[in-house]
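Trainee: What follows is a single structure, and I will ask about it in a moment.
Throughout, read-outs are computed from the coordinates displayed, never taken from laboratory work. Remember, predicted model here, so these are calculated numbers, not experimental data. For neighbour counting, all protein chains shown are included, and Cβ atoms are generated from backbone atoms with ideal geometry for every residue, glycine included.
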Amino acid sequence: MSKVLFTSHATAKSGRSGHVRSDDGLIDLDLVMPTEKSDKKGSNPEQLFAAAYSVCFDGALNLVASQKKKEIDSTTTASVSFLKDPDDGGFKIAATLTVEIKGVSQEEAEELVEAAHQVCPYSKATRGNIDVELKPKAV
């Protein structure tokens, strides 16, 4: 078994129309389903996943770049979509990672993003489970 470095905790109540809170209170959000007509403001699981995936991927990208002795400045935007699954009638998610990288050519940006996709823990967790599209851009 892998060595646990730390564990985070969050508790949700009442699903997509409820509330989520981390044990330390830093995350304390009402939840809403964006497709429902409501004046209620709140987040949703896809937004939270997009935030987490973008942070994790950008960290993996910077790690890979430093290992390859590349000095970069990067911005990663994760777009996570909630989809109707035509195969089983249920739901699924898909992600697009748009990664802007300063300090490298387009070819190097593509290589770095692909390498980051191999080591990012969120990419590892989603591999083979959801569609993930990578959009590297040298800027």
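Trainee: May I ask you to verify whether ARG16 is over 26 Å from ALA116 (Cα atoms), surrounded by 15 or more Cβ atoms within 10 Å (Cβ to Cβ) and without any contact (Cβ under 8 Å) to a residue 12 or more places away in the chain?
Mentor: Spelling it out, it is not the case that ARG16 is over 26 Å from ALA116 (Cα atoms), surrounded by 15 or more Cβ atoms within 10 Å (Cβ to Cβ) and without any contact (Cβ under 8 Å) to a residue 12 or more places away in the chain.
Trainee: Continuing with the same structure: Which numbered condition in (1) under 26 Å from LEU134 (Cβ atoms); (2) more than 15 Å from the chain's Cα centre (by Cα); (3) surrounded by 17 or more Cβ atoms within 10 Å (Cβ to Cβ); (4) not charged (D, E, K, R) is the only one that PHE49 fails?
Mentor: That leaves (2) as the condition not met.
Trainee: Let me ask another. Which of the following residues is more than 15 Å from the chain's Cα centre (by Cα) and within 15 Å of TYR122 (Cα to Cα): LEU97, LEU63, LEU26?
Mentor: LEU63
Trainee: Is it true that GLN106 is under 18 Å from the mean Cα position of the chain (by Cα), more than 29 Å from VAL20 (Cα to Cα) and not basic (Lys, Arg)?
Mentor: Against the criterion (under 18 Å from the mean Cα position of the chain (by Cα), more than 29 Å from VAL20 (Cα to Cα) and not basic (Lys, Arg)), GLN106 does not qualify.
Trainee: Being surrounded by 16 or more Cβ atoms within 10 Å (Cβ to Cβ) and closer than 17 Å to GLN67 by Cα is the filter here; which residues of region 85-122 pass it?
Mentor: The answer is ILE101, VAL104, GLU108, ALA109, GLU110, GLU111, LEU112, VAL113, ALA115, ALA116, HIS117, CYS120.
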